[in-house]
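Below you'll find the structure, written out as structure tokens, and then a few comments.
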Amino acid sequence: MIRDAARDFAKNELLPGVIERDTHQKFPAEQIKKMGELGFMGMMVSPEYGGGGMDTISYALAMEEISKIDASASVVMSVNNSLVCYGIEKFGNDYHKHKYLVPLATGQKLGAFCLSEPEAGSDATSQRTTAIDQGDYYLLNGTKNWITNGGTADYYLVVAQTDKEKKHKGINVFIVEKGWEGFEIGPKEDKLGIRGSDTHSLNFNDVKVPKENRIGDDGFGFTFAMKTLSGGRIGIASQALGIASGAYELARNYSKVRKAFGTEICNHQAIAFKLADMLTEIEAARYLVWKAAWEKDQGLNYDISGAMAKLKASQVAMNVTVEAVQIHGGNGYVKEYHVERLMRDAKITQIYEGTSEIQKIVISRGLLKD
Ligand code: COS
């Protein structure tokens, strides 16, 4: 039912205008508002805080369907659900949940997750942004880069170094509101893909952050980031899976109508075998995504399975979209046929929320543990 609802929404509300939004880097504001009304922005949040109370499998299914059509909309959904809402619900206190989680889960407000910096992307412990304890508030200074929902969010989870001496144990995470004095939004990034999503750098110049906006005990920020990203990676893996399956479906349909050498091109083994490889790889990725989602739902550790799902699904998204363009030939290279956009969108899934190389670090360290 959830999959059908997401599929219908994507077809009816996201497909019209998706090419134009991509071309002009237009944020899908109206569509995101509707997604909030339909419950897609806080799917896994408890109903007590305005969420859908659903499991991770349901979330993965919805993410796949939305991503088949519009990966720019699905990254907005993914960040809000699996990084921001999850982080606040799991680790925040009652004040955080009532003040911030409820409007985020109901889609009235939008969230952003701010970990990356000009010199701290993969090397996440090297935070240069500082938050200095001033008694009843922290003074926040620094720059964050490549922040999804950077210009459109209302609430920002900002990771910062509070005590340099303590390295990663001296990192904290804060909820920062748009509009606070000294908080500036930098120019929008002009991206290769997911061009409808809104990506900015952010500058914090002596921003006063109330003490009560710190999440968790002092020094919890790095663990917060790692734990939240583990679930975020299931969201991005589902996005990658959706991009791949969307491209596959387009290629399959096209191959059944396009004729060459006197027959539909699917009757040529060169094309049919490509489709067979594409679907086999997609199915393999899908089971990894579902396994990670299931492990999360069972309360098991999903650090490794989430990393595996993201590593595999993003690779599949890249390979499948390239092949989908190839099957479309010249038509694949023009915007009207959608597959070139999916190919551009696929690339980011190998980069954000931990590059493929970072996923291999997580997986290899896990498998070598006794
Ligand atoms: N859950 C809880 N704690 C975790 C964790 C996890 N999944 N992964 C690491 N930690 C803890 C470690 O246990 C360690 O704490 P202790 O010293 O108390 O044991 C601490 O975090 C630091 O871990 P580690 O020593 O492994 O740090 P490294 O600098 O080697 O980096 C990686 C670890 C590479 C895994 C981490 O920096 C990472 O995930 N980087 C990518 C970040 C990312 O996804 N960036 C994209 C930005 S969001 S778009």
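The values are calculated or read from the model by the stated rules, or taken from the named source; none is laboratory data. Bear in mind the structure is a predicted one, so any value in this text is a computation, not a measurement. Backbone-built Cβ (ideal geometry, glycine too); neighbour counts: all protein chains shown. Calculation scope for accessible area: heavy atoms of the full protein, side chains included, ligands and nucleic acids excluded. Shrake-Rupley method; radii C 1.70, N 1.55, O 1.52, S 1.80 Å.
Counted by Cβ distance under 12 Å from Trp180, the other residues give a net charge of -3, where Lys and Arg count +1 and Asp and Glu count -1.
Oblate is the label for segment 56-132. Its Cα gyration tensor axes, ordered a ≥ b ≥ c, give a/c of at least 1.5 and b/c at or above a/b. Across segment 183-296, Cα pairs under 8 Å and at least six residues apart give a relative contact order of 19 percent. Label separation (Ala284 vs Glu249): 2.3 nm, computed from points 7 Å beyond Cα along the C-beta direction. These residues, Val79, Val322, go from largest to smallest accessible area, 1.4 Å probe, as Val322, Val79.
For Asp163, the accessible surface of its heavy atoms amounts to roughly 50 Å² (probe 1.4 Å, protein chains only, rounded to the nearest 10). What residue among Arg341, Arg195, Arg128 shows peak mean-square fluctuation when the chain is described by a Gaussian network model with Cα springs under 10 Å? Evaluated over the chain, the most mobile residue of the options is Arg128. For the chain, give the share of DSSP beta bridges that are antiparallel, in percent and rounded to the nearest 5; count only bridges with both residues there. If I count the DSSP bridges inside the chain, around 85 percent turn out antiparallel.
For Ile271, neighbours were defined as the other residues whose beta-carbon sits under 13 Å from its Cβ, and their charges (Lys and Arg +1, Asp and Glu -1) total +2.
The largest accessible area among Ile348, Ile132 belongs to the first residue in Ile132, Ile348, and the rest follow in falling order (1.4 Å probe, all chains). Going down the list Lys90/Lys211; Lys144/Lys208; Lys34/Lys310; Lys33/Lys68; Lys191/Lys347, which pairs span over 22 Å between their C-alpha atoms? From the list (Lys90/Lys211; Lys144/Lys208; Lys34/Lys310; Lys33/Lys68; Lys191/Lys347), the Cα-Cα distance tops 22 Å for Lys34/Lys310. Segment 4-31 and segment 302-370 have Cα centres spaced 21 Å apart. Here the spin labels are modelled as points 7 Å beyond Cα on the Cα-Cβ line, and at Glu184 and Asp123 they lie 2.6 nm apart. Applying 0.36 nm per residue to the separation of Asn331 and Asp94 and subtracting their alpha-carbon distance, the gain on full extension is 80.0 nm. Legend: calculated FRET efficiency, Lys208 to Leu300, from the Cβ-Cβ distance at R0 = 35 Å, rounded to 0.05, equals 0.30. Taken along the Cα-to-beta-carbon direction at a fixed 7 Å, the label points for Thr130 and His24 span 4.4 nm.
Which of Val209, Val76, Val339 ends up with the largest GNM mean-square fluctuation for the chain, with Cα atoms connected below 10 Å? Among Val209, Val76, Val339, the largest mean-square fluctuation in the Gaussian network model of the chain belongs to Val209. When the alpha carbon coordinates of the chain are projected onto the principal axes, the ranges are 78, 49, 38 Å, largest first. Choose one answer from Met278, Met318, Met226: the residue with the largest mean-square fluctuation in a GNM of the chain with alpha-carbon springs under 10 Å. In this elastic network of the chain, the residue with the biggest mean-square fluctuation among Met278, Met318, Met226 is Met226. Semi-axis lengths, largest first, of the ellipsoid equivalent to segment 92-199 are 22, 20, 12 Å, with √(5λ) applied to each eigenvalue of the Cα gyration tensor.
With a cut-off of 8 Å between alpha carbons and a minimum separation of six or more residues, what is the relative contact order of segment 251-342 in percent? Mind showing how you got there, number by number?
On the way: 73 pairs, mean separation 21.4, N = 92.
23 percent.
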